[in-house]
Structures are given as C-alpha cells and as structure tokens.
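Read through the structure below, which is laid out as structure tokens, and then see the notes.
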Amino acid sequence: MNKPPVHAATPEPWVVRFASQIPPGKRVLDLACGRGRHTYFFLERGHPVTAVDIDLSRLAKQSTHPRLEAIEADLEHGAWPLEQRHFAAVVVTNYLWRPILPNIIASVQDGGVLLYDTFARGQERLGKPTNPAFLLEPGELLEAVRGRLIVHAYEHGEFSMPNGCRAVRQRLYARRY
C-alpha cells in the first residue's frame, strides 16, 4: 500500500472547498507556495502544478515529481516570472504583494479560477501579520478582479482557523469566462 507524502500542513479549507471547480488534469499555479501544502494537494488530485516561491528548498522532498514545475523567483523584487503563461487555477494563500495583483489575475486562463485566501485588516489586533502592507483592505480583492473575473464566492471577516486560532481573512473564488 502506497502512503501519501507527509505534508507540512493541510490545505486551506477555502482551497479544498473549491478544488472540484478545477477540471481534472489541468495545470494549477501555486504562487508563493511555501512548503507546498497546496502544491501537494493538487499533485495528489492529478493536476500538473507550477509552484513558485523565493525559496524552493522546502519543496525538496517532492521536487522530482513528474507533474511538478518548480520556479524559484523573488516575486517582490524581480520580474514577473510567468509572463504570457496562463493556468486553469491560480492559488494564493497567506501572501499579498499588491504590485503583482494584476499579473496574478492575468494568469487565470479563459474558464480558469482564482482561489485567493489571505489576511485582512483587523488581523493586527489578533496577531501577525500586523503590517498594513500585508493586510487586505475590506473589498480589496473584489475591486482587484472587477471587470476581469466573475466572483462566485467571497468572504471577509474573523474566522476560526484549523489550528484553533482566530484570524481576519479575505477569501475569493472567481472565474474568467
């Protein structure tokens, strides 16, 4: 019996909730992938995955997976590493760098989805991050996709997290038609 790979953490419930909206076998972009919890989640579901992060050493255990394309890139100080590339799904969690929001949205292919889930204003009273540069303003994701993607689900508020903590989050599931 094959055991699934051991992951650093389980995927965000928001991502799991809408994962079935991505057609089987279509390429997923896991942006600012960190340890790869969403990378591995989608690889296990049969998707090819492009994982991008400033430091890919945390993906080393699975870096040879045949459906994994790993790109090491500094998203905040370098050029956008995915120019002219489009994906069936773009997944972003726990990451915000406003200057690349237009690039992220443009990377969603026709019929593709954007799953975004990160911290929002109000989080500073509960814990890190506290820097407003890394906290979404109310409605900011809605405004970023306005006229470019159709929003199917959106949440902004204080939520109980799987680790038992509370966090202020903004979440979006949107599709390009």
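The values are calculated or read from the model by the stated rules, or taken from the named source; none is laboratory data. Note that the coordinates shown come from a computational prediction; the quantities given were computed from them, not determined experimentally. For neighbour counting, all protein chains shown are included, and Cβ atoms are generated from backbone atoms with ideal geometry for every residue, glycine included.
Some notes on this structure:
- Looking across the stretch 114-133, the residues that are among the hydrophobic types (A, V, I, L, M, F, W, C) and within 16 Å of residue 155 (Cα to Cα) come down to 114, 115, 119, 120.
- Qualifying residue in the stretch 99-109 (condition: closer than 21 Å to residue 51 by Cβ and part of a loop (DSSP other than H, G, I, E, B)): yes
- Some residue of the stretch 79-93 being in contact with a Pro (Cβ under 9 Å, 6 or more places away or on another chain) and assigned to a loop (DSSP other than H, G, I, E, B): no
- The number of residues in the stretch 108-132 being surrounded by fewer than 22 Cβ atoms within 10 Å (Cβ to Cβ) and not acidic (Asp, Glu) comes to 12.
- One residue stands out among those in the stretch 11-28 that are among the aliphatic types (A, V, I, L, M) and surrounded by 15 or more Cβ atoms within 10 Å (Cβ to Cβ): the one that is nearest to residue 67 (Cα to Cα), which is 28.
- Of the residues 45, 58, 27, the single one that is of a type outside the set (Phe, Trp, Tyr) and modelled with pLDDT under 95 is 58.
- Of all the residues in the stretch 147-168, those that are more than 12 Å from residue 116 (Cβ to Cβ) and part of a strand (DSSP E or B) number 9.
- Residue match in the stretch 124-133 (condition: within 19 Å of residue 90 (Cα to Cα) and over 14 Å from the mean Cα position of the chain (by Cα)): no
- Residues in the stretch 86-98 that are over 15 Å from residue 54 (Cβ atoms) and either surrounded by 15 or more Cβ atoms within 10 Å (Cβ to Cβ) or at pLDDT below 95 (or both): 86, 87, 88, 89, 90, 91, 93.
- Any hit, the stretch 155-170, residues being more than 23 Å from residue 51 (Cα to Cα) and in contact with a Pro (Cβ under 8 Å, 6 or more places away or on another chain): yes
- For the stretch 64-78, filtering for residues that are surrounded by 14 or more Cβ atoms within 10 Å (Cβ to Cβ), assigned to a loop (DSSP other than H, G, I, E, B) and either β-branched (Val, Ile, Thr) or in contact with a helix residue (DSSP H, G or I) (Cβ under 9 Å, 6 or more places away or on another chain) (or both) leaves 3.
Conditions (1) basic (Lys, Arg); (2) touching a Cys at 6+ places or on another chain (Cβ under 9 Å), marked per residue:
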{"site": "65", "(1), (2)": "no, no"}
{"site": "105", "(1), (2)": "no, no"}
{"site": "110", "(1), (2)": "no, no"}
{"site": "113", "(1), (2)": "no, no"}
{"site": "126", "(1), (2)": "no, yes"}
{"site": "138", "(1), (2)": "no, no"}
{"site": "154", "(1), (2)": "no, no"}
{"site": "166", "(1), (2)": "yes, no"}
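- Every pair of residues 6+ apart whose Cβ atoms lie under 9 Å, when the first sits in the stretch 72-97 and is touching a residue at least 60 places away in the same chain (Cβ under 8 Å) while the second is of a type in the set (Ser, Thr, Tyr) and part of a loop (DSSP other than H, G, I, E, B): 87/107; 90/107
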